[in-house]
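The block underneath contains the structure these notes are about, expressed in structure tokens.
The values are calculated or read from the model by the stated rules, or taken from the named source; none is laboratory data. All values derive from a computational prediction rather than experimental measurement. So basically every Cβ, Gly included, is an ideal-geometry build from the backbone, and we count neighbours across all protein chains shown.
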Amino acid sequence: MRDEIREPVYDDLLRPEPRTRRAMGRTDESTVLQLLGGSHSRDAWVLRDFLTRSVVQYTWIPVDTDAHARNEFGLDLPASRLPVVRFPNGVELIQPTLQQVAERLGWIARPRCTEYDLSIYGAGPAGLSAALYAASEGLKVVLVERDAVGGQAGSSSLIENYLGFSQGIRGAELAERARQQAVAFGAEILLLREGIKARFDGGRIYVDLADGGVLVARASICATGVEWRRLGLDDEHRLLGAGLYYGAGASEAPMCGGEHVYVVGGANSAGQAAIHLAQHAIQVTMLVRGLRLSETMSDYLRSRIEEHPRIRVLLGHRIVRLLGADQLEGVVVEDVAGNRTTRDTSRVFVCIGGAPDTDWAADTPVLRDRLGFMVTGHDIPDSALRERWPLVRAPFHLESTVPGVFAAGDVRFNSVKRVASAVGEGAMAVTFVHRYLTETPA
């Protein structure tokens with residue numbers, strides 16, 4: 001966790017936007033983290049995306065030719081071993097993992113306690129809200145996040161309809177503010193950790209972590225949200241980060257200058273991505289599978305898209321093939337009549353909703369619907385209560401079919417897919433956690 005590691009910690013690197021410069025344009029940036037890599041390198045994108053969503057100040061230096069490599073390293077491109085991360089104190093990490101970068105930033109810590117009152121999984125709006133309210137009310141709480149703080153909302157280029165921010169706020173910045181606030185109240189945050197399996201025994205929740213550790217808590221909140229849905233095409237995984245991206249592409253937008261890019265999807269996330277990308281790209285084409293923009297798209301977004309001179313919407317269109325070997329070079333698009341056209345592009349941003357991250361609940365009594373969303377409270381059918389629920393009282397609102405295990409935010413069946421709703425559910429879940437802990441012997 002950023003606030004617990006004394007050396008080294010680079011909280012002064014936090015800022016809303018990354019900088020970009022050409023490798024040949026030298027300036028004095030000795031106080032800024034630098035990331036060097038190929039413009040279409042997947043490994044560089046992974047680092048760039050993580051730093052952007054973590055609100056870290058950095059300079060992106062594209063290194064695509066021998067001349068660029070010799071200018072930066074005195075070596076030809078193949079010998080440069082990109083990507084490279086340079087820290088303000090002169091330390092260089094060559095081809096680093098996210099874990100290595102996070103460790104150097106001082107963000108990796110061991111759990112402080114052998115047992116917690118509450119464990120929370122997922123540091124999106126719901127999880128951060130739950131951590132904040134639990135810690136402020138005196139609970140011993142740990143928040144576990146396998147990636148960057150913010151979840152899917154953290155990749156949003158601008159959240160304009162969240163209460164209190166009349167000019168809007170970047171998703172990553174909102175998440176970073178929430179992280180700082182939760183930590184100030186004493187919440188413990190473990191980054192780049194992932195729960196992979198849960199078991200329930202003796203009024204305790206045991207979660208096996210991917211790194212081999214085990215977290216023990218008296219109650220738990222699942223706020224793991226959803227993962228972006230895939231297109232289901234050949235070469236999709238291979239081209240991820242090399243021209244194909246999921247979400248609004250906050251780290252990639254500045255690199256779209258002069259390009260024609262494509263956004264797949266017709267709901268709010270796709271609309272926000274299109275408007276953000278249109279600030280940089282020469283044209284943005286939205287490919288919407290349906291015959292109209294989604295009814296879930298906010299009216300203000302729909303109006304802006306229809307009026308924007310650089311955004312074009314193609315209804316009844318979908319991508320059926322990705323083109324390119326080492327990087328995306330184009331797509332094959334099909335309309336509702338089955339006609340196919342090939343379109344040249346080097347960047348596609350996919351925003352087609354998400355699937356819940358609840359694989360950890362397999363082989364447990366936790367009830368999920370057919371899509372994997374956790375079923376809670378009044379939504380639990382009577383048949384499931386008879387088969388799975390062990391107590392006389394009914395489940396609390398947001399409580400799953402396992403007493404003391406709650407769900408909040410997008411991961412929950414029948415939730416409202418809005419940031420404000422997720423924040424509210426996170427706070428509400430803590431209220432029911434208090435009730436559960438009060439009635440359950442320690």
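Note on the range 329-355: among residues that are among the small types (Gly, Ala, Ser) and at pLDDT below 95, the one that is nearest to His260 (Cα to Cα) is Gly353. For the range 257-270, a tally of residues being modelled with pLDDT of 95 or more and either acidic (Asp, Glu) or more than 19 Å from the chain's Cα centre (by Cα) (or both) returns 4. Here Asp382 meets each of (1) surrounded by 13 or more Cβ atoms within 10 Å (Cβ to Cβ); (2) modelled with pLDDT of 95 or more; (3) assigned by TED's automatic domain parsing to the domain that holds Ser155 with one exception, condition (1).
Residues checked against (1) in a loop (DSSP other than H, G, I, E, B); (2) of a type outside the set (A, V, I, L, M, F, W, C); (3) under 30 Å from Arg318 (Cα atoms):
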{"position": "Ala175", "(1), (2), (3)": "no, no, no"}
{"position": "Arg179", "(1), (2), (3)": "no, yes, no"}
{"position": "Gly186", "(1), (2), (3)": "yes, yes, no"}
{"position": "Ile196", "(1), (2), (3)": "no, no, no"}
{"position": "Ile205", "(1), (2), (3)": "no, no, no"}
{"position": "Asp208", "(1), (2), (3)": "no, yes, no"}
{"position": "Gly212", "(1), (2), (3)": "yes, yes, no"}
{"position": "Ala219", "(1), (2), (3)": "no, no, no"}
{"position": "Glu227", "(1), (2), (3)": "no, yes, yes"}
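Is it the case that some residue within the range 311-330 is over 25 Å from the mean Cα position of the chain (by Cα), in contact (Cβ under 8 Å) with a residue 60 or more places away in the chain and not in a loop (DSSP other than H, G, I, E, B)? Yes, the range 311-330 contains at least one residue that is over 25 Å from the mean Cα position of the chain (by Cα), in contact (Cβ under 8 Å) with a residue 60 or more places away in the chain and not in a loop (DSSP other than H, G, I, E, B).
Please tell me if Val366 is farther than 28 Å from Ile169 by Cβ, of a type in the set (A, V, I, L, M, F, W, C) and crowded, with 19+ Cβ neighbours inside 10 Å. Considered against the rule, which asks whether it is farther than 28 Å from Ile169 by Cβ, of a type in the set (A, V, I, L, M, F, W, C) and crowded, with 19+ Cβ neighbours inside 10 Å, Val366 comes out as yes.
For the range 136-158, a residue qualifies if it is surrounded by fewer than 23 Cβ atoms within 10 Å (Cβ to Cβ) and either in contact with a Phe, Trp or Tyr (Cβ under 7 Å, 6 or more places away or on another chain) or not hydrophobic (A, V, I, L, M, F, W, C) (or both), and the qualifying residues are Ser136, Glu137, Gly138, Lys140, Arg146, Asp147, Ser157.
If you go through the range 75-106 and keep only what is among the basic types (Lys, Arg) and under 12 Å from Asp43 (Cβ atoms), you end up with just Arg81. The requirement of being buried (at least 18 other Cβ atoms within 10 Å of the Cβ), in a strand (DSSP E or B) and not basic (Lys, Arg) is fulfilled nowhere in the range 93-104; no residue meets it. What residue, of Ala130, Ala69, Ala126, is within 19 Å of Phe185 (Cα to Cα) and either out of contact with any strand residue (DSSP E or B) (no Cβ under 6 Å at 6 or more places or on another chain) or surrounded by fewer than 16 Cβ atoms within 10 Å (Cβ to Cβ) (or both)? Only one candidate qualifies: Ala126. Taking the conditions exactly as written (of a type outside the set (Lys, Arg), under 25 Å from Leu139 (Cβ atoms) and within 22 Å of the chain's Cα centre (by Cα)), does Thr364 satisfy them or not? In short, no. Say we look at the range 392-442 and pick out the residues that are of a type in the set (S, T, N, Q) and assigned to a helix (DSSP H, G or I); which of these is nearest to Val375 (Cα to Cα)? It comes out as Ser421. Of all residues in the range 179-213, which are closer than 25 Å to Pro390 by Cα and not aromatic (Phe, Trp, Tyr)? Gly195, Ile196, Lys197, Ala198, Arg199, Asp201, Gly202, Gly203, Arg204, Ile205, Val207, Asp208, listed by residue number.
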